[in-house]
Amino acid sequence: MKSLIATSAVLILLVIFPLQTVLDQINHKKLRDFDEIVHNACEQARTDGRFTPENIENIKKSVTAKFHDISEGDISINVTTEMKYRLDEDDEREHINYEIKVPLKKIVAGNLILGISDADNQVVYTQKGYVLSEVPMP
Amino acid sequence: MKEFLIGISVIILYCIINVFGQDFNLDMRQNFNLKYAANECSASGSLFYDPVKYSEGKIVFQQDKSKEAIEKQIKNLLKLDDSFNPLPGSYYQDKITYKVYFYDYNNTDFSIPNTHKDVDTGYTVSITSPTVVVTINSGKSRYRLTLFQNIGSTIRSGSHTWKDR
């Protein structure tokens with residue numbers, strides 16, 4: 001009986017490790033999908049000359065479909081929405097900027113057992129950069 | 001005592017597995033991002049062509065301007081300083097190097113089959129139209145365990161092609 005109680009207590013602590021491995025794989029898949037969504041959206045923006053409302057809506061829908069624990073309001077999308085044209089000069093006038101952030105809500109498995117609050121157990125993942133517009137000046 | 005030692009061994013083994021798993025996943029994500037960077041750089045480089053030749057129906061890249069745009073994109077996407085060394089907070093730890101290949105009406109006969117094959121990656125693309133190919137070598141990946149620290153460099157290639165409509 002004594003052994004059973006001691007083993008149960010130790011098992012609860014040891015089960016955190018395989019749970020952490022599983023959580024790492026889930027988070028890796030989410031971030032991988034997020035990167036792909038952002039990169040595809042940027043390629044679309046390059047040919048459109050800006051991030052269109054349809055493109056932004058598509059980003060939100062795709063991200064919430066992959067991240068089941070967040071809503072569209074949790075996603076921060078700060079992108080260029082005014083038209084940018086190709087000027088053959090490679091300066092700011094051609095840059096379509098993007099900064100898209102998404103919260104990753106669970107990093108450590110069994111955080112409450114380890115004394116980590118839910119607020120501390122999350123991070124904001126950001127994809128930021130620019131692409132050059134391919135749209136010629138009319 | 002025996003159970004205690006077995007328990008400690010199991011915990012150490014789990015820690016090694018978790019650490020390697022996290023580092024490997026991060027390496028795979030950065031590998032994908034490097035591929036995207038190569039694609040994006042080749043797309044940026046392909047935007048700069050000679051307008052006089054273009055009016056004659058030929059695309060000839062302005063290689064100096066293209067290289068400048070490619071270098072700016074590499075520094076932007078991979079978080080590098082002006083010497084192509086990683087900035088603090090960047091995933092990479094070695095100096096980044098790149099190669100760019102231009103295939104246009106100045107140096108390529110598109111009427112015959114052409115193939116570009118990268119010597120480092122084996123990346124092969126058929127050249128049928130003006131194309132810019134960029135290969136980026138990001139150096140060694142970050143592994144915390146000493147056993148895996150010399151796995152090898154990550155090199156990815158990407159290309160962007162002008163297609164006639």
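Structural remarks
- Each Lys or Arg adds one and each Asp or Glu takes one away; over the other residues whose Cβ falls under 11 Å from the Cβ of A:Tyr98, this sums to +3.
- Residues listed by number, segment B:7-50, amide nitrogen under 16 Å from B:Asp120 label point at 7 Å toward C-beta: B:31-42
- Segment B:127-150 and segment A:64-138 have Cα centres spaced 24 Å apart.
- Paramagnetic reach from B:Phe148 (point 7 Å along Cα→Cβ, amide N under 17 Å) across segment A:23-49: A:23-29, A:32
- Nearest 10 degrees, 0 to 90: helix B:63-78 Cα axis against chain B principal axis: 20
- Residues whose amide H comes within less than 5 Å of that of B:Tyr98, counting only those at least five positions distant or on another chain, are B:Asn137 (H built at 1.01 Å from N in the peptide plane).
- Across peptide B:36-44, the average count of Cβ atoms from other chains found within 10 Å of a residue's Cβ is 4.
- For segment B:1-145, the alpha-carbon coordinates run over 85, 34, 17 Å along the three principal axes, in decreasing order.
- Within the straight-line cut-off of under 20 Å between alpha carbons, the lysines reachable from A:Lys101 are A:Lys29, A:Lys30, A:Lys60, A:Lys61, A:Lys66, A:Lys128, B:Lys79, sequence neighbours fewer than 8 places apart in one chain being disregarded.
- Cα-only Debye scattering, chain A: base-10 log of I(q)/I(0) at q = 0.18 Å⁻¹: -0.97
- Estimated FRET transfer efficiency when R0 is 35 angstrom, pair B:Lys163-B:Val19 (beta carbons, to 0.05): 0.15
- To the nearest ten degrees, helix B:2-45 and the longest principal axis of the Cα atoms of chain B are 10 degrees apart.
- At 0.692 mPa s and 37 °C, Stokes diffusion of segment A:45-84 via Kirkwood alpha-carbon radius, µm² per second: 302
- Dipole orientation for the protein assembly as shown: of the candidates B:Ile74, B:Gln30, A:Met1, A:Met1 has the Cα lying most toward the positive pole (charges on Cβ; Lys, Arg +1; Asp, Glu -1).
- Rounded to whole numbers, the Karplus 3J(HN,Hα) couplings from phi for segment B:81-92 are 8, 5, 9, 6, 9, x, 6, x, x, 7, 5, 7 Hz, using 6.51 cos²θ - 1.76 cosθ + 1.60 with θ = phi - 60°, and x at Gly and Pro.
- Helical segments meeting 15 Å axial Cα length and Kyte-Doolittle -0.5 threshold in chain A (DSSP H): A:2-14
- Counting only Cβ charges, +1 for Lys and Arg and -1 for Asp and Glu, the dipole size of chain B around its Cα centre is about 300 debye.
- Residue-averaged beta-carbon neighbours from other chains (10 angstrom radius) around A:17-29: 3
Taken together, the values in this text are just the output of simple stated rules run on the coordinates, not laboratory data. Only a predicted model underlies this, so the values are computations on that prediction, with no experimental measurement involved. In this analysis, Cβ positions are derived from the backbone assuming ideal geometry, glycine residues included, and neighbour counts consider all displayed protein chains.
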